[in-house]
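Enquirer: Below you will find the structure I want to go over with you.
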Amino acid sequence: MPAYTVTARTLHWITAVLVLVQIPLGLLIANFKMGDTLYNLHKSIGAVLIPIVLFRLAYRLTHRPAPLPADIPHSQRLAAHGLHWTLYALLVVQGFVGWIATSAYPAPIPVFGLFDLPPIWGEDRALSDRLYVVHRALGVALGVLLVGHVGAALFHHVVRKDRVLMRMVTGG
């Protein structure tokens with residue numbers, strides 16, 4: 001069974017680790033007074049995720065993914081395809097909604113203390129408040145879809161016992 005390229009696997013796992021840090025971090029800062037350190041970490045990781053996700057999307061558009069096994073039903077192929085594209089879309093939108101919301105607040109967007117991202121929207125507290133609600137909802141949606149993605153990968157590995165998961169883990 002064909003595997004994913006080293007580039008595709010590297011981009012996948014970097015994205016996965018960063019998103020798996022972002023979701024609980026976002027939940028913490030949204031629900032508890034955590035101070036600026038964790039909030040700035042969340043903004044920094046988000047700032048790094050934007051170009052990574054855009055590069056990953058460009059790579060995906062120019063490199064066909066490894067095909068699924070021939071015996072996968074059409075409905076599951078459609079679900080997998082739809083889930084992947086929805087994850088890409090949400091990851092792109094999520095980063096920019098966070099950037100616009102923070103710009104409109106207005107608040108700085110530090111990138112690990114090295115520099116600040118420039119604001120991409122003028123000050124508008126009402127808009128910022130609404131966008132943070134959207135940002136939170138997108139984060140929940142991403143979390144739900146990621147559970148489905150991981151569940152499908154585990155289904156392939158544990159139930160079907162095919163190589164779908166291992167193509168992304170080891171390339172084999």
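The values are calculated or read from the model by the stated rules, or taken from the named source; none is laboratory data. Just so it is clear, the model here is predicted, and its values are computed rather than measured. Cβ coordinates were reconstructed from backbone atoms using ideal geometry, including for glycine residues, and neighbour counts include every protein chain displayed.
Enquirer: Restricting to segment 154-172, give me the number of residues that are surrounded by 11 or more Cβ atoms within 10 Å (Cβ to Cβ) and part of a helix (DSSP H, G or I).
Expert: Of the residues in that region, 11 qualify.
Enquirer: Mind listing whichever residues of segment 63-82 are of a type in the set (A, V, I, L, M, F, W, C), in a helix (DSSP H, G or I) and surrounded by 13 or more Cβ atoms within 10 Å (Cβ to Cβ)?
Expert: Once the filter is applied, which keeps residues that are of a type in the set (A, V, I, L, M, F, W, C), in a helix (DSSP H, G or I) and surrounded by 13 or more Cβ atoms within 10 Å (Cβ to Cβ), segment 63-82 yields 79, 80.
Enquirer: Please tell me if residue 137 is touching a helix residue (DSSP H, G or I) at 6+ places or on another chain (Cβ under 9 Å) and either surrounded by fewer than 16 Cβ atoms within 10 Å (Cβ to Cβ) or assigned to a loop (DSSP other than H, G, I, E, B) (or both).
Expert: no
Enquirer: Looking at 39, 59, which one is within 18 Å of residue 6 (Cα to Cα) and part of a helix (DSSP H, G or I)?
Expert: Residue meeting the stated conditions: 59.
Enquirer: Mind checking which pairs have a first residue in segment 103-125 that is at positive phi and a second that is modelled with pLDDT of 95 or more, Cβ under 9 Å, 6 or more apart or different chains?
Expert: From segment 103-125, the pairs are 112/40; 112/41; 112/44; 112/45; 112/47; 112/48; 113/40; 113/44.
Enquirer: Report every pair of residues separated by at least 6 positions or lying on different chains whose Cβ atoms are under 9 Å apart, first residue within segment 1-18 and in contact (Cβ under 8 Å) with a residue 60 or more places away in the chain and closer than 19 Å to residue 163 by Cβ, second of a type in the set (Lys, Arg) and not in a helix (DSSP H, G or I).
Expert: 1/163; 3/163
Enquirer: Moving to a separate point now. Restricting segment 62-75 to residues that are touching a residue at least 60 places away in the same chain (Cβ under 8 Å) and out of contact with any Phe, Trp or Tyr (no Cβ under 9 Å at 6 or more places or on another chain), which is farthest from residue 157 (Cα to Cα)?
Expert: So, considering only residues that are touching a residue at least 60 places away in the same chain (Cβ under 8 Å) and out of contact with any Phe, Trp or Tyr (no Cβ under 9 Å at 6 or more places or on another chain), the one farthest from residue 157 (Cα to Cα) is 67.
Enquirer: Considering 106, 51, 110, 119, which residue is part of a strand (DSSP E or B) and over 22 Å from residue 152 (Cα atoms)? Talk me through it step by step, then tell me what you get.
Expert: Working: 106 fails: part of a strand (DSSP E or B); 51 fails: part of a strand (DSSP E or B); 119 fails: part of a strand (DSSP E or B).
Among 106, 51, 110, 119, only 110 is part of a strand (DSSP E or B) and over 22 Å from residue 152 (Cα atoms).
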